[in-house]
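Structure first, commentary second.
Values quoted throughout were computed directly from the atomic coordinates according to the rules given, and no laboratory measurement underlies them. Worth saying up front: this structure is predicted, and the values here are computed from it rather than measured. In this analysis, Cβ positions are derived from the backbone assuming ideal geometry, glycine residues included, and neighbour counts consider all displayed protein chains.
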Amino acid sequence: MERQKKTRNWIKPYEIVGVLGLLLLLTLFSTMMVIDQGEAKAPKDTHSEKQSAINTEAIEENGKRDENESSISDENEKQRVEVTKKENQSDQTLTENEDKSETVSPNKEENTQIENNGDLNDQGILNEKTLYITFDDGPNENTKSILNLLNKYNAKATFFMLEPNMRKFPEAVTAMVENGHAVGLHGVSHNQEVIYESSQSVVGEMTKAQRTLENIAGIHSDLIRVPYGSVPHMKPSYFDAVDQKGFKLWDWNIDSEDWKFHHGEFVQKVLNQLEEFPYQHEPKVVLLHEKSTSLQYLDSLLQKLTDMGYQMQALTEQMDTVTF
Ligand SMILES: [Zn+2]
């Protein structure tokens, strides 16, 4: 009885109202917490913090996955575009170069130059039609005739001369200078074992030739060509040594091989190499020698080059050198 009475007392109406009020407050409170979680703030409740952190991570994970998926789909799209392009290119070979230069920017410059080169060849614009012919191993008894032929075609050339030959043919040296050709140095011995003995033997031979040229023609030249070309004889330390002395070392990029062929084959060799000249950023430098057999076909070479619109000019000390 007493217990029933107590129970009956506990559930009096005003107490029910109180309990309901408490429940309402709890409901409100928990609703607020849910909102807090949703906004990932909940700074007071550590559990909510963790939960919100997990939620954030999950969102980021999904984001990454979305990114990957989108990049994969981008890749697929690119591949599809490329395949389509290739198909189009093989179908329309005429527009192939144009497509490439428009779509592949790193190659744009190169493609443009190749295109320009084609235009230049057709129109004969000076830059692409400038040729630097060079004669090694002189001067000698052929020099005068070589100079006459060069004058005939209004051509300028560069002569890399051996010191003993300069002393033997001093008038040939002064004639070169008077006719506006460039004069350079080819050393003294023209013997691999002697000149390439050390970096100082290379510098020594070039310096001796330089002094002789100054004495004969009053010209100071830093232009040099080492015998047989820089490869494989010139070691890095040799290059450093000639650089330090201010010499400008020239190799060549068109080899006539006139030392090897004695019946004018070198003329066609030069023309062939000009036709397929691969060095877009280099001046065209032709190697010739002051040999009788070269002189014999020099007229033919100069005539053909002139007909093709080439202008023969002399190397200068300001130019960037061509080396192997
Ligand atoms: Zn030589």
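Backbone phi angles across the stretch 240-249, fed through the Karplus curve with coefficients 6.51, -1.76 and 1.60 (θ = phi - 60°), yield HN-Hα couplings of 4, 5, 6, 4, 4, 7, x, 6, 10, 8 Hz in residue order; Gly and Pro are listed as x.
Cross-link pairs exceeding 20 Å between alpha carbons, from the set Lys129/Lys248; Lys208/Lys284; Lys129/Lys260; Lys260/Lys291: Lys129/Lys248; Lys208/Lys284; Lys129/Lys260. Working ranking of peptides 202-214, 258-270, 309-321 by packing, defined as the average number of other Cβ atoms within 10 Å per residue, highest first, is 202-214, 258-270, 309-321. Local charge for Thr174 was computed over the other residues whose Cβ lies under 15 Å away, with Lys and Arg +1 and Asp and Glu -1, and equals 0. When the P(r) is computed for the stretch 218-324, the part past 18 Å accounts for 56% of the Cα-Cα pairs.
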